[in-house]
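Each remark here refers to the structure printed beneath this line.
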Amino acid sequence: MKVNVIFHSIYGHVWRMAEAVAEGAKEAGAVVKVLQVKEILSDEIIGKMGALEAKKKFAHVPVATLDDLSEPDAVIFGTPTRFGNMSASMRAFLDSTGGLWMKGTLIGKVGSVFASTATQHGGQESTILSFHTTLLHQGMVIVGLPYSEQRQMSMTEITGGSPYGVTTIASPTGERMPSENELAMARFQGRHVAGIAGRLFR
(Lines give C-alpha, C1' and ligand atoms only; values in the text may rest on other atoms or scores of the structure.)
Protein backbone atom coordinates (compact mmCIF):
# COMPACT_ATOMS: atom_id res chain seq x y z
CA MET A 1 0.00 0.00 0.00
CA LYS A 2 1.40 3.38 -1.06
CA VAL A 3 0.31 6.74 0.32
CA ASN A 4 1.63 10.08 -0.90
CA VAL A 5 1.21 13.24 1.15
CA ILE A 6 1.31 16.25 -1.17
CA PHE A 7 1.24 19.73 0.35
CA HIS A 8 1.75 23.41 -0.24
CA SER A 9 3.10 25.54 2.59
CA ILE A 10 4.39 29.07 3.00
CA TYR A 11 5.20 29.50 6.69
CA GLY A 12 5.59 25.81 7.59
CA HIS A 13 2.27 25.08 9.27
CA VAL A 14 0.98 22.76 6.53
CA TRP A 15 4.41 21.14 6.21
CA ARG A 16 4.37 20.26 9.92
CA MET A 17 0.89 18.81 9.53
CA ALA A 18 2.03 16.84 6.48
CA GLU A 19 4.81 15.26 8.51
CA ALA A 20 2.30 14.19 11.17
CA VAL A 21 -0.12 12.81 8.56
CA ALA A 22 2.76 10.82 7.08
CA GLU A 23 3.68 9.46 10.52
CA GLY A 24 0.15 8.17 10.96
CA ALA A 25 0.08 6.53 7.54
CA LYS A 26 3.39 4.80 8.27
CA GLU A 27 1.99 3.51 11.56
CA ALA A 28 -0.75 1.82 9.52
CA GLY A 29 1.89 0.03 7.44
CA ALA A 30 1.90 2.26 4.36
CA VAL A 31 4.90 3.16 2.25
CA VAL A 32 4.75 6.95 2.40
CA LYS A 33 6.26 9.81 0.43
CA VAL A 34 5.96 13.46 1.48
CA LEU A 35 6.10 15.92 -1.41
CA GLN A 36 5.38 19.59 -2.00
CA VAL A 37 3.85 21.27 -5.02
CA LYS A 38 5.86 23.76 -7.02
CA GLU A 39 5.74 27.27 -5.60
CA ILE A 40 4.32 29.75 -8.09
CA LEU A 41 5.11 32.88 -6.05
CA SER A 42 8.46 34.55 -6.64
CA ASP A 43 11.08 34.82 -3.92
CA GLU A 44 10.49 38.57 -3.98
CA ILE A 45 6.84 38.14 -3.06
CA ILE A 46 7.59 35.44 -0.50
CA GLY A 47 10.18 37.77 1.02
CA LYS A 48 7.60 40.55 1.31
CA MET A 49 5.36 38.03 3.07
CA GLY A 50 8.16 37.41 5.55
CA ALA A 51 8.32 33.70 4.68
CA LEU A 52 11.72 33.17 3.03
CA GLU A 53 13.36 31.76 6.17
CA ALA A 54 10.35 29.55 6.88
CA LYS A 55 10.40 28.14 3.33
CA LYS A 56 14.06 27.13 3.73
CA LYS A 57 13.11 24.70 6.51
CA PHE A 58 11.33 22.39 4.07
CA ALA A 59 13.21 23.24 0.86
CA HIS A 60 14.62 19.69 0.95
CA VAL A 61 11.17 18.17 0.34
CA PRO A 62 10.90 16.94 -3.28
CA VAL A 63 8.49 18.64 -5.68
CA ALA A 64 5.52 16.50 -6.70
CA THR A 65 4.99 15.39 -10.30
CA LEU A 66 1.94 13.89 -11.96
CA ASP A 67 3.49 10.45 -11.44
CA ASP A 68 3.15 11.07 -7.71
CA LEU A 69 -0.62 11.11 -8.22
CA SER A 70 -0.86 8.06 -10.48
CA GLU A 71 1.46 5.70 -8.57
CA PRO A 72 0.05 5.56 -4.99
CA ASP A 73 -3.14 3.95 -3.73
CA ALA A 74 -4.03 7.10 -1.74
CA VAL A 75 -3.12 10.77 -1.85
CA ILE A 76 -3.54 13.08 1.14
CA PHE A 77 -3.39 16.74 0.17
CA GLY A 78 -2.52 19.66 2.43
CA THR A 79 -3.08 23.32 1.64
CA PRO A 80 -3.20 26.70 3.34
CA THR A 81 -6.45 28.60 2.91
CA ARG A 82 -6.73 31.54 0.56
CA PHE A 83 -10.07 33.30 0.98
CA GLY A 84 -11.88 30.06 1.75
CA ASN A 85 -10.21 28.04 -1.00
CA MET A 86 -6.97 26.17 -1.63
CA SER A 87 -3.81 28.12 -2.40
CA ALA A 88 -2.92 29.14 -5.96
CA SER A 89 0.11 26.84 -6.02
CA MET A 90 -2.02 23.82 -5.13
CA ARG A 91 -4.66 24.91 -7.66
CA ALA A 92 -1.99 25.21 -10.37
CA PHE A 93 -0.78 21.69 -9.63
CA LEU A 94 -4.27 20.24 -9.81
CA ASP A 95 -5.03 22.22 -12.96
CA SER A 96 -2.19 20.33 -14.65
CA THR A 97 -3.95 16.97 -14.18
CA GLY A 98 -6.22 17.14 -17.22
CA GLY A 99 -4.37 14.29 -18.88
CA LEU A 100 -4.91 12.06 -15.84
CA TRP A 101 -8.60 12.99 -15.88
CA MET A 102 -8.91 12.08 -19.55
CA LYS A 103 -7.43 8.64 -18.88
CA GLY A 104 -9.37 8.09 -15.65
CA THR A 105 -6.07 7.44 -13.87
CA LEU A 106 -7.22 8.55 -10.42
CA ILE A 107 -10.61 6.83 -10.45
CA GLY A 108 -10.98 4.66 -7.36
CA LYS A 109 -7.92 6.02 -5.58
CA VAL A 110 -8.40 7.34 -2.05
CA GLY A 111 -8.19 11.10 -1.60
CA SER A 112 -8.17 13.15 1.60
CA VAL A 113 -7.45 16.77 2.54
CA PHE A 114 -6.10 18.79 5.47
CA ALA A 115 -5.66 22.54 5.72
CA SER A 116 -4.47 25.59 7.63
CA THR A 117 -6.21 28.92 8.20
CA ALA A 118 -5.26 32.13 9.93
CA THR A 119 -8.39 32.26 12.10
CA GLN A 120 -10.99 29.88 13.50
CA HIS A 121 -13.56 30.98 10.93
CA GLY A 122 -11.24 31.68 7.99
CA GLY A 123 -12.23 28.76 5.79
CA GLN A 124 -11.57 25.73 7.98
CA GLU A 125 -14.38 23.79 6.33
CA SER A 126 -14.94 25.57 3.00
CA THR A 127 -11.34 25.03 1.90
CA ILE A 128 -11.56 21.27 2.32
CA LEU A 129 -15.09 21.00 0.91
CA SER A 130 -14.19 23.02 -2.19
CA PHE A 131 -11.06 20.87 -2.60
CA HIS A 132 -13.28 17.78 -2.60
CA THR A 133 -14.91 19.00 -5.83
CA THR A 134 -11.68 18.40 -7.74
CA LEU A 135 -11.21 14.96 -6.18
CA LEU A 136 -14.76 13.99 -7.16
CA HIS A 137 -14.18 15.10 -10.75
CA GLN A 138 -11.15 12.80 -10.75
CA GLY A 139 -13.27 9.91 -9.45
CA MET A 140 -11.42 9.57 -6.16
CA VAL A 141 -12.90 8.01 -3.03
CA ILE A 142 -13.00 10.80 -0.44
CA VAL A 143 -12.06 10.08 3.16
CA GLY A 144 -12.43 12.61 5.94
CA LEU A 145 -11.90 12.62 9.70
CA PRO A 146 -14.65 10.58 11.39
CA TYR A 147 -16.04 11.52 14.78
CA SER A 148 -14.35 8.44 16.26
CA GLU A 149 -11.44 10.92 16.37
CA GLN A 150 -12.99 12.78 19.27
CA ARG A 151 -10.18 15.32 19.63
CA GLN A 152 -11.97 17.39 16.99
CA MET A 153 -14.73 17.99 19.54
CA SER A 154 -12.43 19.41 22.19
CA MET A 155 -13.79 22.45 24.03
CA THR A 156 -10.84 22.87 26.36
CA GLU A 157 -8.60 24.68 23.89
CA ILE A 158 -8.60 26.45 20.54
CA THR A 159 -8.24 23.75 17.92
CA GLY A 160 -8.85 23.00 14.28
CA GLY A 161 -10.41 19.83 12.94
CA SER A 162 -13.75 18.83 11.46
CA PRO A 163 -15.29 15.68 9.96
CA TYR A 164 -13.98 16.90 6.59
CA GLY A 165 -10.34 16.76 7.68
CA VAL A 166 -7.81 17.97 10.19
CA THR A 167 -6.93 21.66 10.22
CA THR A 168 -4.69 23.99 12.15
CA ILE A 169 -5.11 27.65 13.06
CA ALA A 170 -1.98 29.68 12.37
CA SER A 171 -3.23 33.04 13.73
CA PRO A 172 -3.30 36.20 11.57
CA THR A 173 0.43 36.75 12.09
CA GLY A 174 1.37 33.07 11.74
CA GLU A 175 3.06 32.65 15.12
CA ARG A 176 0.85 29.76 16.25
CA MET A 177 2.22 26.41 15.06
CA PRO A 178 0.06 23.24 15.05
CA SER A 179 -0.87 22.15 18.57
CA GLU A 180 -0.38 18.61 19.83
CA ASN A 181 -4.13 18.11 19.60
CA GLU A 182 -4.06 19.05 15.91
CA LEU A 183 -0.97 16.95 15.22
CA ALA A 184 -2.63 13.96 16.91
CA MET A 185 -5.64 14.41 14.63
CA ALA A 186 -3.28 14.59 11.65
CA ARG A 187 -1.68 11.30 12.63
CA PHE A 188 -5.15 9.79 13.04
CA GLN A 189 -6.16 10.97 9.57
CA GLY A 190 -3.02 9.45 8.08
CA ARG A 191 -3.70 6.11 9.78
CA HIS A 192 -7.36 6.21 8.81
CA VAL A 193 -6.71 6.93 5.14
CA ALA A 194 -3.99 4.29 4.95
CA GLY A 195 -6.26 1.75 6.65
CA ILE A 196 -9.08 2.33 4.19
CA ALA A 197 -6.70 2.21 1.23
CA GLY A 198 -5.32 -1.04 2.58
CA ARG A 199 -8.78 -2.59 2.71
CA LEU A 200 -9.65 -1.36 -0.78
CA PHE A 201 -6.48 -2.54 -2.47
CA ARG A 202 -5.45 -5.67 -0.60
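Side notes on the structure shown:
- Given (1) in contact with a Phe, Trp or Tyr (Cβ under 9 Å, 6 or more places away or on another chain); (2) surrounded by fewer than 16 Cβ atoms within 10 Å (Cβ to Cβ); (3) at pLDDT below 95, index of the condition LYS38 fails: (3)
- Against the list (1) within 22 Å of MET177 (Cα to Cα); (2) free of Cβ contacts under 8 Å to residues at least 40 places away in the same chain; (3) of a type in the set (Gly, Ala, Ser), the condition ALA51 fails is (2).
- The residue that is farthest from the chain's Cα centre (by Cα), among those in region 54-87 that are more than 22 Å from PRO178 (Cβ to Cβ) and of a type in the set (A, V, I, L, M, F, W, C), is LEU66.
- Residue check for ASP67: more than 23 Å from LEU145 (Cβ to Cβ) and not basic (Lys, Arg): yes
- Taking the numbered list (1) outside any helix (DSSP H, G or I); (2) over 18 Å from SER162 (Cα atoms) in turn, ILE76 passes all entries but (2).
- When we screen ALA54, ALA25 for residues that are assigned to a helix (DSSP H, G or I), in contact with a strand residue (DSSP E or B) (Cβ under 6 Å, 6 or more places away or on another chain) and buried (at least 17 other Cβ atoms within 10 Å of the Cβ), the only hit is ALA25.
- Scanning region 4-34 for residues that are over 18 Å from THR65 (Cβ atoms) and of a type in the set (D, E, K, R) turns up ARG16, GLU19, GLU23, LYS26, GLU27.
- Any chance ILE142 is without any contact (Cβ under 8 Å) to a residue 40 or more places away in the chain, touching a helix residue (DSSP H, G or I) at 6+ places or on another chain (Cβ under 6 Å) and either crowded, with 17+ Cβ neighbours inside 10 Å or within 19 Å of PHE7 (Cβ to Cβ) (or both): yes
- The set of residues from region 25-36 being touching a helix residue (DSSP H, G or I) at 6+ places or on another chain (Cβ under 8 Å) and either within 16 Å of PRO72 (Cα to Cα) or polar (S, T, N, Q) (or both) comprises ALA25, LYS26, ALA28, GLY29, ALA30, VAL32, LYS33, VAL34, LEU35, GLN36.
- Residue within region 171-181 that is in contact with a Lys or Arg (Cβ under 9 Å, 6 or more places away or on another chain), assigned to a strand (DSSP E or B) and surrounded by 17 or more Cβ atoms within 10 Å (Cβ to Cβ) present: no
- Residue identified as surrounded by 22 or more Cβ atoms within 10 Å (Cβ to Cβ) and either over 13 Å from the mean Cα position of the chain (by Cα) or not in a helix (DSSP H, G or I) (or both) among GLY111, GLY99: GLY111
- Which listed residue is exposed (fewer than 14 other Cβ atoms within 10 Å of the Cβ), out of contact with any Asp or Glu (no Cβ under 8 Å at 6 or more places or on another chain) and in contact (Cβ under 8 Å) with a residue 24 or more places away in the chain, from GLY123, GLY84, GLY104: GLY104
- In region 116-147, the qualifying residues are those that are assigned to a helix (DSSP H, G or I) and of a type in the set (A, V, I, L, M), and the one that is farthest from ILE158 (Cα to Cα) is LEU136.
The values are calculated or read from the model by the stated rules, or taken from the named source; none is laboratory data. These figures come from a predicted structure and were not determined experimentally. Methodologically, a virtual Cβ is constructed for each residue, glycine included, from the backbone with ideal geometry; neighbour enumeration extends over all protein chains shown.
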